[in-house]
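I have placed the structure first, in the form of structure tokens, so that the comments after it can refer back to it.
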Amino acid sequence: MDARLNLYGNAVATKFARYINSAGKVVSDSTLPPATQELVKIRASQINGCGFCTDMHTKDAAHAGESAQRLHLVAAWREAKVFTDAERAALELTEQGTRIADAAGGVTDEAWANAAKHHDEDQLAALVSLIALINAYNRMNVIIQQPAGDYQPGQFG
């Protein structure tokens, strides 16, 4: 299986990626816990059916020490006891922020209030930015049918 477009060999795509990667660095350097960041990326990628990003972020999370149990339960986080209340709030915000078109009114006040209860303003800003960012990556990869399975942790630096 080959991607429809080589994002890494196209000048426009490379330039665009450089800019969104810079935005991603702001989030990764924030006080939002790294484990929460990976859980958010994994859950949005699962929802969006992005195999490339699901592969990447589960491998990166495992490489960083995330347990296999937690990684296997991300898709069923509501029923799993292995996530903190703060992580659960972030996952709920991720789902609602990713499924905007599916939910009349978008993100509920309850989901926002719960996220705000567990994250300070800077962490909320990072969380919102991360949800937007991973959705952008997911959409790019789904549109071009980027193959999944070959990613190696740290491959992109």
Checked pairs for the stretch 111-140, first of a type in the set (D, E, K, R), second open to solvent by 50 Å² or more (accessible area, probe 1.4 Å) and not in a helix (DSSP H, G or I), C-beta under 7 Å and 6 or more apart or across chains, list as 122/31
When residue 55 is run through (1) open to solvent by 60 Å² or more (accessible area, probe 1.4 Å); (2) among the acidic types (Asp, Glu); (3) under 17 Å from residue 140 (Cβ atoms), the failure sits at (1)
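Here is a yes/no grid of residues against (1) in a loop (DSSP other than H, G, I, E, B); (2) in contact with a strand residue (DSSP E or B) (Cβ under 9 Å, 6 or more places away or on another chain); (3) within 15 Å of residue 47 (Cβ to Cβ); (4) at pLDDT 95 or above:
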| site | (1), (2), (3), (4) |
| --- | --- |
| 82 | yes, no, no, yes |
| 86 | no, no, no, yes |
| 95 | no, no, yes, yes |
| 105 | yes, no, no, no |
| 114 | no, no, no, yes |
| 124 | no, no, no, yes |
| 127 | no, no, no, yes |
| 130 | no, no, yes, yes |
| 133 | no, no, yes, yes |
Taking the stretch 83-100 and keeping only residues that are open to solvent by 40 Å² or more (accessible area, probe 1.4 Å), farther than 14 Å from residue 131 by Cβ and not basic (Lys, Arg), one is left with 84, 85
Of the candidates 11, 23, 17, the one satisfying the condition of being touching a residue at least 40 places away in the same chain (Cβ under 8 Å) and either among the hydrophobic types (A, V, I, L, M, F, W, C) or open to solvent by less than 50 Å² (accessible area, probe 1.4 Å) (or both) is 23
The lone condition residue 2 fails out of (1) modelled with pLDDT of 95 or more; (2) under 18 Å from residue 149 (Cβ atoms); (3) open to solvent by 60 Å² or more (accessible area, probe 1.4 Å) is (1)
ask   = In this structure, is residue 23 more than 19 Å from residue 95 (Cα to Cα), at pLDDT 95 or above and among the aliphatic types (A, V, I, L, M)?
value = no
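The values are calculated or read from the model by the stated rules, or taken from the named source; none is laboratory data. All values reported here derive from a predicted model rather than from experimental measurement. Heads up, the Cβs are rebuilt from the backbone with ideal geometry, glycines too, and the neighbour counts pull from every protein chain shown. These accessible areas exclude ligands, DNA and RNA; they are computed on the full protein's heavy atoms, side chains included. Shrake-Rupley method; radii C 1.70, N 1.55, O 1.52, S 1.80 Å.
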